[in-house]
Amino acid sequence: MCDPEWKIKTGTEIFVFIHRRNEDFSDLLGRWRHTQVWLDRGYEWLMPPRYKHIFGEGSEQIFPLFVVFAETPERIKRGLEGAYLPFVVQTLRPAIEEETTEYLGVAQLRDDKG
């Protein structure tokens, strides 16, 4: 988070870990653990040019947020619950697939004309 008055980052940072297809629970936790190890060495965020005025050193607290899907095996969800790690279940909406299909149809029409 950033304090708009002082233009410095404050408080905590949340790292989002998205479950990969065919990823096992230990691999998912391993990614979080590797992140903890790297962040423990000290770090500084490189800010885009328009945000260079914001102080970008590491945070006081870091927290993970895991994103799983309906297709994610239940053992992984139970493992996250058992480890008291926060997670959300993201569902893919069919409307997104329809929009993608429609968009591809438009792109194909453009290719046929050109």
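The values are calculated or read from the model by the stated rules, or taken from the named source; none is laboratory data. All values reported here derive from a predicted model rather than from experimental measurement.
Quick check on this structure: which one of 39, 104 is at pLDDT below 95, assigned to a helix (DSSP H, G or I) and within 17 Å of the chain's Cα centre (by Cα)? Show your work before the answer.
On the way: 104 fails: within 17 Å of the chain's Cα centre (by Cα).
Step by step, each of 39, 104 is checked, and only 39 is at pLDDT below 95, assigned to a helix (DSSP H, G or I) and within 17 Å of the chain's Cα centre (by Cα).
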- In this structure, is residue 28 in a helix (DSSP H, G or I), within 17 Å of the chain's Cα centre (by Cα), of a type outside the set (Gly, Ala, Ser) and modelled with pLDDT of 95 or more? yes
